[in-house]
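Since the structure comes first, as structure tokens, the remarks are kept for the end.
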Amino acid sequence: MIDVQGVSHVYPDGTRALDRVDLLIPDGDRLAIIGQNGSGKSTLVRHFNGLLRPTEGRVLLDGRPTADRRVAALAARVGLAFQDPDRQIFAGRVRTEVAFGPRNLGLRGAALETAVSGALASVGLVEQAERNPYDLGFSSRKLLALASVLAMGTPTVVFDEPTTGQDLRGAERIQAIVAELAAAGRTVIAISHDMRFVAESFARVVVMRAGRVILDGTPAEVFAEANWEELAGTYVEPPLAARIGARLGLGSTPTDGALIEALVGRSA
Ligand SMILES: Nc1ncnc2c1ncn2[C@@H]1O[C@H](COP(=O)(O)OP(=O)(O)OP(=O)(O)O)[C@@H](O)[C@H]1O
Ligand SMILES: [Mg+2]
């Protein structure tokens with residue numbers, strides 16, 4: 001469980017990126033964090049694994065403040081795939097990059113090999129295993145950053161804008177990864193600007209604006225018409241399905257099937 005209690009974060013240049021955030025994330029939660037650029041999403045998740053420490057307030061991980069724990073211990077609990085893969089990737093070979101995390105957790109031999117191959121297979125980079133990460137395109141480097149986190153098998157995984165730069169196939173892979181992790185009972189947290197991905201893959205949505213949490217609920221609750229003005233205030237447009245669903249009286253998270261039936265009838 002991650003328990004964020006009254007956390008503010010002020011960067012050295014004086015930017016107040018988080019302003020007294022309270023947020024409880026139970027084990028097994030499937031949480032999307034959304035909100036305008038600069039609203040503090042990345043700053044918030046960097047507190048979950050101790051990469052950043054609160055200026056005020058505290059973050060409890062399984063009941064113990066992250067401030068009292070070593071980064072290595074936190075890394076075994078919470079894996080974070082960075083928004084910018086180039087700030088995460090450092091190895092000269094894809095396989096070495098993916099092996100780094102699990103090796104640090106003590107995996108060796110066949111167990112290490114299984115973790116690495118499994119992670120590479122999940123993101124579809126098996127054939128690129130011997131290549132230099134910097135010879136891959138941006139979308140593949142994003143997937144590599146994700147694989148490096150998956151390979152660690154942490155109980156909680158955090159993906160900072162995983163679908164950015166992905167084509168349909170990449171986006172579908174990421175949706176499948178989220179579903180698999182959730183089915184295995186792991187806690188999955190993702191930051192995203194892709195509202196369809198958010199509505200379809202997550203059970204809970206937290207909306208941020210100017211360093212604060214302004215909405216927190218299921219996708220149906222958060223994307224309900226009553227919140228559209230508030231969402232617009234942080235430059236979030238509800239997913240198309242929510243906008244059509246509201247007009248047709250189908251609610252804010254209609255299925256594709258319900259939408260098609262309402263729009264063109266069962267015969268289509
Ligand atoms: N290292 C840093 N030093 C100073 N200010 C920073 C630093 N990193 C982020 N900020 C500032 O803190 C605020 C929150 O940034 P953050 O990256 O957490 O937002 P975000 O919601 O993740 O945005 P985006 O959607 O663009 O990724 C912004 O004003 C940003 O400019
Ligand atoms: Mg960010």
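Each reported figure results from applying straightforward, stated rules to the coordinates on display, with no laboratory input. Only a predicted model underlies this, so the values are computations on that prediction, with no experimental measurement involved. Note: ideal-geometry Cβ built from the backbone for every residue, glycine included; neighbour counts use all protein chains shown.
In table form, for the structure just shown:
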| quantity | calculated |
| --- | --- |
| Relative exposure of MET195, MET1, MET208, judged by other C-beta atoms within 10 Å (fewest first) | MET1, MET195, MET208 |
| Estimated FRET transfer efficiency when R0 is 41 angstrom, pair TYR11-ARG103 (beta carbons, to 0.05) | 0.80 |
| Positive-pole candidate from ALA203, ALA246, ALA226, dipole of segment 133-268, charges at beta carbon | ALA203 |
| Residue exposure sequence - LEU248, LEU51, LEU120 - by fewest surrounding Cβ within 10 Å | LEU248, LEU51, LEU120 |
| Chymotrypsin sites (Phe, Trp or Tyr not before Pro) restricted to DSSP loop in segment 72-160 with at most 15 other C-beta within 10 Å | PHE90 |
| Residues ARG20 and ASN132, FRET efficiency given R0 of 51 Å [Cβ-Cβ distance, rounded to 0.05] | 0.70 |
| Stretch gain in nm, segment ARG87-GLU229, where the contour uses 0.36 nm per residue and the Cα spacing is subtracted | 47.6 nm |
| Extension reserve of the VAL71-ARG247 stretch, reckoned as 0.36 nm per residue once the Cα distance is removed | 58.5 nm |
| For the chain, built as a Gaussian network whose Cα springs stay under 10 Å, the top-fluctuating residue of VAL213, VAL222, VAL126 | VAL126 |
| Estimated Rh, the chain: Kirkwood, alpha-carbon pairs, angstrom | 19.4 Å |
| Sites THR55 and ALA262, calculated FRET efficiency, Cβ-Cβ separation with R0 51 Å, nearest 0.05 | 0.55 |
